Structures are given as structure tokens and as C-alpha cells.
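Notes for the one structure printed next.
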Amino acid sequence: MSELLVRERGAVPPDAGSVFERIAEDLATRGFSVIDGAVPTALAISLAIEVRERSATAFHWASIGREQTQMVNGFVRRDAICWIEGESEAERDWLAWIVQLKTALNRRLYLGLFSFECHFAHYPPGAFYKRHVDAFRGEANRVLTTVLYLNPAWGPDDGGELVLHLDADNEETVRLRPTLGTLVVFLSEAFPHEVLPAQRDRYSIAGWFRVNASCAARADPPR
Ligand code: OGA
Ligand code: MN
């Protein structure tokens, strides 16, 4: 892996302000944004190394649903995950980058983004995540989904694409390769999406911005 990663170092680091501008503009016009090389390359590499180390020990099979209704369902998804709490420098740098994105988007789009939760994900060969939405209107308070990909040199035959369904009758889709440093951001309620079976180990960080849905009668802290 290190050989492949070294090659990625040549990329020109994007200016964070212009990345945030692009994401805000894309969200305002079409509800989703795809940015290659979104975070500094050194950070993407550190996270790519960390996810591979941690997946050997700290991951558990992902479940569906929340709290009491949560269950592992291998027909729906077969990824293993580990929540990110800021334990390493790379995790803290990622979360700091996310806070900057949050501030920029709230300033530009008045989304009222409040908290953020994210986990590393590992899809072993053959793993997938069937078509789903990350939030249901009026019920959940996840408003914005982010996925950062951590796979150097992902080829056209490696599978594992993210498919975003842009309209209800399934016709128009966007397909994304989970390449190192690519970030996708989309409105959580707006786009059903799926992960096609990966042909090799596929690593990413999936995250969600939430609005604060607390009210006097019902406290709603993040996770
Ligand atoms: C998810 C998800 C997409 C991806 O974790 O909810 O849809 O490309 N992930 O990993
Ligand atoms: Mn999802």
C-alpha cells in the first residue's frame, strides 16, 4: 500500500476555503457534491493507514436501525465499522476539518448543522450496502451525509461503487469510485443510495451532520 500512497502525494493540495465554497454551491444547486482530493493529502493518507490498522482489532459488524430496533442484518449491509471519537491525531485533524466545513456551510446555507457523528467502515471482498436512505423526513435529524474514501488506486473492476439515485423512478444515477481523498456530501433525506459489492477491501469514513432536535419535552443528544 505504501508504494501506491506515495504516488498520491504529488497531488496539489486544494485550498480548504474553495473546497467549502464548492460544496456549498453544489448542495444549493443539486443537493450533492463530489470532490476529489477534498482533504489535505497527508491527512487522507494518515486516515487510510489508521483504518487498516484499526480494522484488524476494533471493528464490529454494522447494524441497521437505531437503539431498541437496532439489528445486524447481513442481507442489507455487510460492512464492519468503528466509531471515530478523536483518539488519534489523524482523527482529530479530520474532525477539525469537519468543524470548518460545518461553519462554512451554516454561514452559506443556513442549514443549522449542529453535531457530527462518523465511523470508519470496512467492506471486505463481497460486502455491499443495499439501497437505503440515511434519514427519514420528519423522523431522524440527520441532514447531511459525508463519505470520505480511503482506497488508493481503485480500479474500474474493483466494484464497490457508491450509486446515488437522483430521482424516484431510478433512472438517473451517479456512480462513484471510492478513491483515496474523494469526498461525497449529500442531503441525507434526498437521495436513496447503495454500495455495490466490493471486489477487494474497501475503506471509508461515513459521517452525518445532525440538527439539534432537542425541545423542552425531549432531549435529543447526539448518539
Ligand atoms: C452508509 C453509506 C456509502 C459508502 O454508511 O450509510 O451509505 O459509499 N455509505 O460507503
Ligand atoms: Mn448511507
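Amide H to amide H distances under 5 Å link residue 37 with 182, 183, where only residues 5 or more positions off or on other chains count and H is placed in the peptide plane.
Each of residue 106 and residue 61 was given a label point 7 Å from its Cα along the Cα-to-Cβ line. The distance between the two points is 3.9 nm.
Could you work out what % of the accessible surface of the stretch 55-136 is carbon and sulfur, using a 1.4 angstrom probe and leaving DNA, RNA and ligands out of the count?
57 percent
The length gained on full extension between residue 201 and residue 153, counted as 0.36 nm times the residue separation minus their Cα-Cα distance, comes to 16.1 nm. If the chain linking residue 175 and residue 83 were pulled fully straight, counting 0.36 nm for each residue of separation and taking away their Cα-Cα distance, it would gain 30.6 nm.
The values are calculated or read from the model by the stated rules, or taken from the named source; none is laboratory data. Here the structure is a predicted model, which is why all the values come from computation and not from measurement. Please note: Cβ atoms are built from the backbone with ideal geometry, for glycine as well, and neighbour counts cover all protein chains shown. Note: areas computed on protein heavy atoms with side chains; ligands, DNA, RNA excluded. Shrake-Rupley method; radii C 1.70, N 1.55, O 1.52, S 1.80 Å.
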